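A.B. asks: Got a structure for you, written out below as structure tokens; questions coming shortly.
The values are calculated or read from the model by the stated rules, or taken from the named source; none is laboratory data. Because the structure is predicted, anything quoted here is derived from the model rather than measured. With ideal geometry, Cβ positions are generated from the backbone for all residues, glycine too; neighbour counts draw on all protein chains shown.
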Amino acid sequence: MDHIVFKKSIFSYIEEPILFGRVDVKWPFLTSNFYISSYICPECGNHMVKTVFPNDLEILTEEGIAKIPRIFVCANCRTIHASRPGYKLSKNNGFYVSLDPRSFEDFIYYLDKKGSLVGRRGTLFNEK
Ligand SMILES: [Zn+2]
């Protein structure tokens with residue numbers, strides 16, 4: 001996935017509590033390691049889904065390689081968002097990329113293979 005380069009995110013991210021059974025998330029992919037997150041997509045307002053990486057995933061950004069513990073995805077507008085290592089997404093200093101349908105689908109399945117449903121408890125305490 002070397003051709004995917006994340007940009008510095010220009011968005012403000014908003015967390016919204018999840019009311020189970022009331023959130024209709026667009027997710028047409030047969031993944032096993034993505035689950036709903038508490039973040040709203042800054043582009044279209046849908047709830048984003050996330051996956052957590054047992055080992056930090058390396059992504060290419062316009063600043064170079066970043067090693068990220070988790071990633072957030074909106075299937076409605078095909079954007080992918082990552083917090084800066086050591087920070088929460090709501091610090092608004094992370095990265096994002098917008099992809100065409102084919103690249104988006106390929107990337108989702110790539111992330112699904114690397115990802116996990118298991119929360120990394122330790123990482124939360126390191127976030128600022
Ligand atoms: Zn969206």
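A.B. asks: Spot the failing condition for Val73; the list is (1) part of a helix (DSSP H, G or I); (2) modelled with pLDDT of 95 or more; (3) surrounded by 15 or more Cβ atoms within 10 Å (Cβ to Cβ), and only one is missed.
C.D. replies: (1)
A.B. asks: Scanning for something within 16 Å of the ligand (Cβ to nearest atom), surrounded by 15 or more Cβ atoms within 10 Å (Cβ to Cβ) and in a loop (DSSP other than H, G, I, E, B), does region 45-60 turn up at least one residue? Break it down stepwise before answering.
C.D. replies: Step one: list which residues in region 45-60 are within 16 Å of the ligand (Cβ to nearest atom), which gives 45-50.
Pick out the ones that are also surrounded by 15 or more Cβ atoms within 10 Å (Cβ to Cβ) and you get 46-50.
Applying the additional criterion that residues be in a loop (DSSP other than H, G, I, E, B) yields 46.
Scanning region 45-60, I find at least one residue that is within 16 Å of the ligand (Cβ to nearest atom), surrounded by 15 or more Cβ atoms within 10 Å (Cβ to Cβ) and in a loop (DSSP other than H, G, I, E, B), so the answer is yes.
A.B. asks: Next up: Of all residues in region 67-106 being aliphatic (A, V, I, L, M) and closer than 13 Å to Val5 by Cα, which is farthest from the ligand (Cβ to nearest atom)?
C.D. replies: Kept after step one, since they are aliphatic (A, V, I, L, M), are these residues of region 67-106: 68, 71, 73, 75, 80, 82, 89, 97, 99.
After this cut, where a residue has to be closer than 13 Å to Val5 by Cα as well, the list is 80, 82, 97, 99.
On the way: Ile80: 10, Ala82: 15, Val97: 13, Leu99: 12 Å.
Taking the candidates together, the pick is Ala82.
A.B. asks: Here's something else I'd like to know. Residues being in contact with a strand residue (DSSP E or B) (Cβ under 9 Å, 6 or more places away or on another chain) and either in a loop (DSSP other than H, G, I, E, B) or at pLDDT 95 or above (or both): count how many of those fall in region 90-102.
C.D. replies: Quick first cut of region 90-102, residues in contact with a strand residue (DSSP E or B) (Cβ under 9 Å, 6 or more places away or on another chain) only: 90, 93-99.
Applying the additional criterion that residues be either in a loop (DSSP other than H, G, I, E, B) or at pLDDT 95 or above (or both) yields 93-99.
Adding up the residues that qualify gives 7.
A.B. asks: Limited to region 12-28, what total is found for residues that are over 15 Å from the mean Cα position of the chain (by Cα) and either surrounded by 13 or more Cβ atoms within 10 Å (Cβ to Cβ) or within 16 Å of the ligand (Cβ to nearest atom) (or both)?
C.D. replies: Let us first name the residues in region 12-28 that are over 15 Å from the mean Cα position of the chain (by Cα), namely 16-24, 28.
Checking which are either surrounded by 13 or more Cβ atoms within 10 Å (Cβ to Cβ) or within 16 Å of the ligand (Cβ to nearest atom) (or both) leaves us with 16, 18, 23-24, 28.
Residues meeting the conditions: 5.
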